[in-house]
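Notes to accompany the following structure.
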Amino acid sequence: MLNKIGVIGAGQMGSGIAHVCALAEHDVVIVDIDAAALEKSLSRIDDNMDRQVKRTLIAEEDKAAALARITTATGLDALGDCDLVIEAATEDEATKVKIFESLCQHLKDSALIASNTSSISITRLATATDRPEKFMGMHFMNPVPMMELVEVIPGVATAADTVRTATAFVTRLGKTPAVAQDFPAFMVNRILAPMLNEAIYALHEGVGTVEAIDKAMRLGANHPMGPLELADFIGLDICLSNLQVLYESLADPKYRPCPLLVKYVEAGWLGAKSGRGFYDYSTDPPTPLPAA
């Protein structure tokens, strides 16, 4: 039984994971080296639960009880009594490896470890731990409180019991698990990343404007969000990272990142989180921008 859950990383994904775990009656500790990020995370969780209360998805007392289950810390030693630790740090393999190499000394022997990576090899990440048989991928979708799917990804060394425990845990959170094999970018991003990249190529080559491309896919393919709007929402740096993993791992030119995407990330135009991407987020609603 997984009772106490540790979450490493107080960003949007880590906050969302902590949110759903606390509502599912798990005690949660969020760890981040940045104390200010932890404060922002608690505020984000509070605000998002408020929205759920207003939409009558949860009761006010559910929110209060869930918030009371969440604690924060700036050191990995706070994770010593956790049954499961979910890493949700930046999508950079070197950073994740460094975290896992430092983490295991603080954990009890029975603790499971999961990475929320959206594309990096689970088998490779597991080698940075002392328990590859208890290590798996657990890829939540953004925004975590709203999205139903969680990809559960076993590595080569992951024990069958670990996968069973992970899928049962995901179900308890009110999510739907889908087991994916450990191939680059797994299932969702293997399919999604090339579509977003192709939309960026269409903009880069002048096939259509930001507004026209997004409108075409919303109305022509019945997508709830246009691909350029979705890329901004995900984060252009994350989109680029996913494509780079696919391109480097599979050596297939269809995954080559569009030069326009590379240029935007180099400029720090990362989408909604930076205030500018394919849209300008200083206006309400955001303003579609011409290709730079």
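Details
- Scope segment 80-109; condition of a type in the set (Gly, Ala, Ser), under 23 Å from Val170 (Cα atoms) and surrounded by fewer than 16 Cβ atoms within 10 Å (Cβ to Cβ); matching residues: Gly80
- Among the candidates Ala291, Ala231, Ala212, the residue that is in a helix (DSSP H, G or I) and surrounded by fewer than 18 Cβ atoms within 10 Å (Cβ to Cβ) is uniquely Ala212.
- Residue within segment 55-63 that is basic (Lys, Arg) and either outside the structural domain of Gly11 (by TED's automatic domain parsing) or without any contact (Cβ under 8 Å) to a residue 12 or more places away in the chain (or both) present: yes
- Subset tally (residues that are without any contact (Cβ under 8 Å) to a residue 12 or more places away in the chain and part of a loop (DSSP other than H, G, I, E, B)) for segment 266-280: 2
The values are calculated or read from the model by the stated rules, or taken from the named source; none is laboratory data. Every value quoted in this text rests on a predicted model; they were computed, and no experiment measured them. Positions of Cβ are backbone-derived with ideal geometry, glycine not excepted, and every protein chain shown enters the neighbour counts.
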